[in-house]
């Protein structure tokens, strides 16, 4: 009976509503691992297969999964995908591999790129704008997911043709110009992502876990992805989302429809058939019910109803028998039957009455059992209804809590933005970054996280060991100096962690020793060509030949001789001998000579042993 009614209901809905056209969703998945001019990446090809399978399970109409594409193959795949996106409501592109940022523009690197110079980027790579152009025809949602923020080996090896040309670390921030467009980075702009230690990257693992949740808005789904990646990488990698969507929820997988008609549950069908049989209440109906449902709670109730009917039939038979006995008794009395026959008739009438009373009592017992069973049924159904109502209330309370937390997070972000604007600073807010989802850390974990962030922004060179000592305090003080913050350097706090994480790149300048110069995030030795050397200003200067300087003794002797000649009278001429005393040395005048003298206070003549004095004619 229940199956027949459900079949009729389905036919009615199908005839009344007509066909339903579902939205068309298409996806292009690319994973580049086997690079010819750089080391092979382990995860991108695996990540592409994993994400492609997730989109297939999510019900996408068309999925093209490609691995290890060269430049021409990538351009062809994007061109063909753009043609399919024109007939779709949702278009998704996932790319895993190397990417590079040049002068603020992002490029995806095919496996055949060599990138010997910075000018080769324009010829050998595919611009991110080309992917945005491919998804633009989609009518409802345009989504690009980039797991391409790895530490790029090409940026270190390529030669710069223009010194002022900037090659960034990671990818640059993107602001899409088309509405309903989102771009998700595996790591925020200016930072790099990790491949992890498993078959798939932490970012891809979190994507396939969170995105296909039915009815979950993409902004909240990427918020959960951010939390998962932060936790799995020790708070070293933070995914970011750029772009904007409208006010309505935009899930990747639509929520399961709410069933307003009676659900085709076996228990619901049994209950409805039981209530129908209860309205009719005949032995035939209950017998048919037990034939359809021979086991279970409602089968026991039906058996009780059959017992009640049987008791009623027994009672009715006893009443009829008693009536007949009474009529027989009256007939015998009327016919003046013998006393024995009257006594026999009276005994028969009494027995019939006793049987009637017994049947009446049995009927009451069965009716009480049936009423008790019916009461238990109603209580069970009330308990189920209450459990469903409690569940709905709990789900509503959870939804209200999530909405309140979202409102509080947005208000805190607006307040922080306003305060930073008053102080003349720059605030960067992720598209989905709910602070309330960050788990609480122990003091040592907090210290280690702060040290890791200080190393990232170039304010600390020591390892992140979780020991907050003097070197760590000096590093945080150095961050305060160059970032313009006033954090307490004596302790590693959550506020310090948030303030440092808000900086996308290096904060503290790179300081190199004499003879070295800064090259990106590393110090390299200054090499001068032949005939040049590094001067005190760390610049190459030409080496000049110089005559050997006179010794200190020779200079002192020349000075003494010059002073003696200037002190002697102009008319005196030197005899070639020198005489010295406590006042100094001078030449012996011509016409004078040195003789031995034993008096005190006269010094030794230069080159003559013993004490002498000057004697002139």
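Criterion applied to 177, 161, 233 was being surrounded by fewer than 22 Cβ atoms within 10 Å (Cβ to Cβ) and either in contact (Cβ under 8 Å) with a residue 60 or more places away in the chain or within 16 Å of the chain's Cα centre (by Cα) (or both), and the one residue passing it is 233.
Criterion applied to 444, 473, 422 was being more than 25 Å from residue 222 (Cβ to Cβ) and at pLDDT 90 or above, and the one residue passing it is 473. Filtering the range 198-229 to residues that are assigned to a loop (DSSP other than H, G, I, E, B), closer than 22 Å to residue 245 by Cα and touching a residue at least 40 places away in the same chain (Cβ under 8 Å) leaves 211, 212, 213, 214, 215. Taken over the range 134-154, the criterion of being surrounded by fewer than 21 Cβ atoms within 10 Å (Cβ to Cβ) and either in contact with a helix residue (DSSP H, G or I) (Cβ under 9 Å, 6 or more places away or on another chain) or in a loop (DSSP other than H, G, I, E, B) (or both) is satisfied by 136, 137, 139, 140, 151. Residues in the range 541-549 include at least one that is modelled with pLDDT of 75 or more and in a strand (DSSP E or B). Of the residues that make up the range 462-476, is at least one out of contact with any strand residue (DSSP E or B) (no Cβ under 7 Å at 6 or more places or on another chain), crowded, with 20+ Cβ neighbours inside 10 Å and not in a helix (DSSP H, G or I)? Yes, the range 462-476 contains a residue that is out of contact with any strand residue (DSSP E or B) (no Cβ under 7 Å at 6 or more places or on another chain), crowded, with 20+ Cβ neighbours inside 10 Å and not in a helix (DSSP H, G or I). The residues listed here are 131, 187; of these, the one that is over 18 Å from residue 71 (Cα atoms), touching a residue at least 24 places away in the same chain (Cβ under 8 Å) and crowded, with 20+ Cβ neighbours inside 10 Å is 187. Take the residues of the range 492-506 that are under 20 Å from the mean Cα position of the chain (by Cα) and in a loop (DSSP other than H, G, I, E, B): which is modelled with the highest pLDDT? Selected residue: 502.
The values are calculated or read from the model by the stated rules, or taken from the named source; none is laboratory data. Everything numeric here is computed off the predicted structure, so don't read it as measured data. Note that each Cβ is placed from the backbone with ideal geometry, even for glycine, and that neighbours are counted across all protein chains shown.
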